[in-house]
Amino acid sequence: ATSPIAASSTDRAANMRAAQQAVRLDETQPVTTVQFRLVDGSRITGRFNHTHTVADLQQYVSRAEPSYQLQQFSLLAGYPGAELADPSASLAQANLLNSTVLQRLK
């Protein structure tokens, strides 16, 4: 079941907690923080293992901000923003450890 779209900051906080829980972070493995700059100008931050993938980042954004569940978007990193095209690449392989990722609607 999908959660309703956040209508308040309380709902947004609940969505963020649910998104982080869905990541299934393994605290015994190396952990990194990724900041997301969303299309609407807001920023969210998540914690991930180095072995999580680009696809995990996309799922995190969709869970944290349910308004993006029905919209196709890509994630970009670096300057100028290069699309993260390989969903199976680990965060370490994609050079995304302690990084900022930009969201762009397709």
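What follows draws every value from the coordinates through simple rules; no lab data is involved. Note that this is a predicted model, so its numbers are computed, not measured. Methodologically, a virtual Cβ is constructed for each residue, glycine included, from the backbone with ideal geometry; neighbour enumeration extends over all protein chains shown.
Figures for the structure shown
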| quantity | calculated |
| --- | --- |
| Karplus-derived 3J(HN,Hα), 6.51/-1.76/1.60, for each residue of the stretch 66-81, Hz, glycine and proline x | x, 4, 9, 5, 9, 10, 7, 9, 10, 10, 10, 9, x, 10, x, x |
| Value of Rg to Rh for the stretch 4-69 (Rh from inverse mean 1/r over Cα pairs, i.e. Kirkwood) | 0.96 |
| Dipole magnitude of the chain, debye to nearest 20 (Cβ charges: Lys/Arg +1, Asp/Glu -1, about Cα centre) | 180 debye |
| Fewest-first sequence of PHE36, PHE73 by Cβ atoms within 10 Å of each Cβ | PHE73, PHE36 |
| Radius ratio Rg over Rh of the stretch 64-105, counting only Cα atoms, Kirkwood formula for Rh | 0.98 |
| Shape category assigned to the stretch 33-78 from the gyration tensor of Cα positions, a/c cut at 1.5 | prolate |
| Relative contact order, percent, the chain [alpha-carbon distance under 8 Å, six or more residues apart] | 33 percent |
| Nitroxide proxy distance, nm - points 7 Å out along Cα→Cβ at THR32 and GLN71 | 2.6 nm |
